[in-house]
Amino acid sequence: MSGFDKLNNFWEELKKRNVVRAFIFYAVSAWLIIQFVATVFPYLNFPKWATTAVIVTLLAGAPIVLIVSWIYELTTDGLKKTDSVDTEKSTSVNTGKRLNRLTISILSLAVFFLLVDKFYLSAERSSETERTESIAVFPFSVQGGIKIQYLKDGMVDLISGKLDAMPGLNATDPNIILGVANSKGLDNRNPVAAAKAAAELGANRVILGSITQVGELLEVKISKYNKEGQPVGNPIIEDGTETELMSRIDNIIRRLVADELNEQGSKFDSEAVLTTNKLESIVPFLRGIQLARVGKHKEALGFFRESVEADTNFVLGYYRYVENAGWIDAVRNSERRLTEYSPYFDRLETLSKDLKGKNGEVVRARMAYLNSDISSEDQFRKLLSKYGESVEILNGLAESIFHHRPIVAGNQVDAKPYFERLIELDPTKDEYFIHIIEIEEEEGDLESFNAYAARLNPESEQQYGIPFRRVMLQDSVSDKEIMELSQILKPNFGFVTRRKIQLYDGFKVGKRVQAIDERFSSQDNWFGFLEPSFGGQHDTLVVKDFASFDQTGALRDLLLLMVQASFEEIPLWKKYAHDLITKLRATKEVLIKMFPDRSQVEMDYMIGLAFLYDDSLAEANEQLEIIKSYFDDETVTPLGKVKDQARLLYFNLAGFIDYTRGDMESAETKFDSAVTRVKRVALDYATILSKPRNFHLAEMKIMEGSYKEALEIYLNTLETQSFNIVFSSFTWGFNVYRIAQMYDKLERKDEAIAYYKTFTEAYRNADEMYAPWVDDAYSRLSVLVERPEEELRGQIN
């Protein structure tokens, strides 16, 4: 018998004894068990070795199955040796069929599991970005002269920044590390304590180091430890003179990064580590970071400027400059934006395209935030999931929610837990407290408001008008409290409460303070505008401005701002639209003569709005084409580049025109484009222009019968406006009236009554054109409180 025949006979014997079927059944079953274990065990927080143990056990079982299925056969009398079974009584054929059926059943389960894994479990896993394990760099021990003491904390920032520049590496936030190290008194002599503290922050490796000055030489030593505080590899040591310091440190970091990436099996790209190695750039950069960390943003700005002047390719220097400028309104929202902010921002945008690793991701998310790009919120959420907590990521997320939500009439309150966490990590920043205080004010929580306000320094309390805001959260304000306010408020204080529903009440409190203290006489002009503006006495204001036009040939800025931020449903604009067209055109000509190099895109937008208010849609469309002519204008203004500003105004006006035509679908598309397709404009400007857009969206919800959604938009538009009260005064009454109507539609009686009362009190002497609103409000109020309308009018008036 040939070898082939023997092999063939052996194969036939394997099949006869069901060895092959048994092995296939076992293999399929084992594969299904492994898939199940690998998927489910992590959700149950089982240790990794548990999964490994299951896999090893199943692999060990494979040869046992082969041996048992060869030696034994399953019969009606149980398991017997194959050789002892009478051929005529053998049930191997039936056993084989049963194995086939079982295998098919297991395969069916496997297919079902694969489908579940693909369309449910894998989708869930993909939504949770895999967390990158972090490295904690602790403050260095520095022994030497005063000139190098900045490196104690500076090395934490320097090394962390270098590590974050590499894809796959993640340094624990230096702000958090320094806070923990200072509070626990940690230093490089106790790696076990440092490792324990790092583990609590989610880090699995620790870097400790020292810098020792001996004569003119500086020795830099860095040691790495695991999460138990045990050394990992040998210390890295470099020495040299002070002028050689940065190159020595860079050499150490190169070796450190190379070791880290070799452990991960990643490729080391040395150029990605280098941001700058110039001492004259690094020193002011680190000093700027230390100043910014304690809230001294103006002083820090000067050091960051010095840093990038020393190295014009230092991308992190530009980033820190732009970030700190964002805290200073005088730089970000004024003419200084043209000479200081914008050039640095443009340079950062160019350099950051090649910035790698965590640094690159954070910088690009921050730039999106500064560009008024609402996608920054989602970007920071992903970074938080991927890299864990850092002050920078938490701050970016909190600021994105707080400042961008008003653009889409969203709720800023969602930023609260992130600001609370930031305060836990860094309780020295007044900015975090102010945002939390504003949120508590919006929610009407006086107890929490006082708790956070108590932690501000006295200067900040005065600067942000905390005493006035506090009394506005009370049910009533006594004469004694009015007297106290007159003593502690600054004469130039504006009496503007964060809660926009209380603006009329704030105005009344301001008048009471003014009546007993002549220091507040400077408020006469302010109150002279607020009283008719919030009271619906708009005829007087417009006529006064038109009279000024007759003398100067141009409309005043105040009315121009009102036109941009208003809404066509306000009857005022229908009344004066025709005259407004003529006066806006004349104002544009005056401005062209006064400022021949300045863009007139805003004037063209306002002329388009006036045509819209005048029901002249063809002319409004012509203005759209004029606005499009600015789409290539690269001129930089305090509001952003003209081309980006033009796109925002274009989508706004185009959406308003579609709305007036009744094409709601197209209008909604245009409004969405104004949010998602326009980036480089100042945040305050983007928020101002969002207000009339959100009014239109709310009205569209009312047409659909979606009163709850309309209410949310109107509430958020009223309560979370981040801009000056000047931009909301003309529409304040309309906003309050609509909220009352929505509560009424939703049968929320108490809220409807409160808003109707506020509106009718404020508009008790309103212009005749607002009579339909006022009459409807009194009519509904009468029904809700079950009292005669005449009685209500007499009581309120």
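Looking at ASP505, ASP475, just one residue is within 25 Å of PHE759 (Cβ to Cβ), outside the structural domain of THR717 (by the TED database) and loosely packed, with under 14 Cβ neighbours inside 10 Å, and that residue is ASP475.
Quickly run through the range 606-622 and pick out the residues that are open to solvent by less than 30 Å² (accessible area, probe 1.4 Å) and assigned to a helix (DSSP H, G or I). Walk me through it before giving the result.
The initial filter retains those residues of the range 606-622 that are open to solvent by less than 30 Å² (accessible area, probe 1.4 Å), namely 606-613, 616, 620.
Hits for the range 606-622 are MET606, ILE607, GLY608, LEU609, ALA610, PHE611, LEU612, TYR613, ALA620.
Residue selection: VAL783 satisfies the criterion of being at negative phi, over 42 Å from the mean Cα position of the chain (by Cα) and not assigned by the TED database to the domain that holds LEU503. Of the residues screened, PRO167 is one that is touching a residue at least 12 places away in the same chain (Cβ under 8 Å) and closer than 16 Å to ILE253 by Cα.
So that you can scan it fast, the table gives a plain yes or no per residue for (1) open to solvent by less than 40 Å² (accessible area, probe 1.4 Å); (2) outside the structural domain of TYR318 (by the TED database):
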{"position": "LEU348", "(1), (2)": "yes, no"}
{"position": "ARG364", "(1), (2)": "no, yes"}
{"position": "LEU394", "(1), (2)": "yes, yes"}
{"position": "ILE407", "(1), (2)": "yes, yes"}
{"position": "ILE423", "(1), (2)": "yes, yes"}
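Of ALA195, ALA199, which residue is in a helix (DSSP H, G or I) and surrounded by fewer than 22 Cβ atoms within 10 Å (Cβ to Cβ)? So the residue among ALA195, ALA199 that is in a helix (DSSP H, G or I) and surrounded by fewer than 22 Cβ atoms within 10 Å (Cβ to Cβ) is ALA199.
The sole residue among PHE468, PHE419, PHE433, PHE495 that is assigned to a loop (DSSP other than H, G, I, E, B) and hydrophobic (A, V, I, L, M, F, W, C) is PHE495. Between GLU625, GLU634, GLU668, which is assigned by the TED database to the domain that holds ARG556, surrounded by fewer than 14 Cβ atoms within 10 Å (Cβ to Cβ) and under 28 Å from the mean Cα position of the chain (by Cα)? So the residue among GLU625, GLU634, GLU668 that is assigned by the TED database to the domain that holds ARG556, surrounded by fewer than 14 Cβ atoms within 10 Å (Cβ to Cβ) and under 28 Å from the mean Cα position of the chain (by Cα) is GLU634. Scoring PRO417 on the criteria (1) crowded, with 22+ Cβ neighbours inside 10 Å; (2) closer than 30 Å to ALA171 by Cβ leaves a single failure, condition (1).
Report whether or not ILE211 is under 21 Å from LYS147 (Cβ atoms) and either in a strand (DSSP E or B) or modelled with pLDDT under 90 (or both). Working first, answer last.
Working: under 21 Å from LYS147 (Cβ atoms): yes; either in a strand (DSSP E or B) or modelled with pLDDT under 90 (or both): yes.
Here the answer is yes, as ILE211 does meet what is asked.
All conditions in (1) open to solvent by 60 Å² or more (accessible area, probe 1.4 Å); (2) within 26 Å of GLY357 (Cα to Cα) hold for ASP239, with the sole exception of (2). All told, GLN564 falls short of being assigned to a helix (DSSP H, G or I), modelled with pLDDT of 90 or more and in contact with a Phe, Trp or Tyr (Cβ under 8 Å, 6 or more places away or on another chain).
Looking at the range 227-330, the helices (runs of 4 or more DSSP H) lying wholly inside it that each contain 3 or more residues that are within 30 Å of LEU425 (Cα to Cα) and modelled with pLDDT under 75 sit at 245-264. Filtering the range 636-670 to residues that are in contact with a strand residue (DSSP E or B) (Cβ under 8 Å, 6 or more places away or on another chain) and of a type in the set (Gly, Ala, Ser) leaves only GLY640. Selection within the range 369-382: residues that are in a helix (DSSP H, G or I) and open to solvent by 10 Å² or more (accessible area, probe 1.4 Å). The member of this set that is modelled with the lowest pLDDT is LEU370. What is the residue count in the range 447-460 for residues that are open to solvent by less than 50 Å² (accessible area, probe 1.4 Å) and over 26 Å from the mean Cα position of the chain (by Cα)? The total comes to 0.
The values are calculated or read from the model by the stated rules, or taken from the named source; none is laboratory data. All figures in this text were calculated on a predicted structure; none of them were measured in a lab. Because the Cβ atoms are built from the backbone with ideal geometry, glycine has one as well, and the counts that use them run over all protein chains shown. In case anyone asks, the SASA skips ligands and DNA or RNA and just uses the protein heavy atoms, side chains included. Shrake-Rupley method; radii C 1.70, N 1.55, O 1.52, S 1.80 Å.
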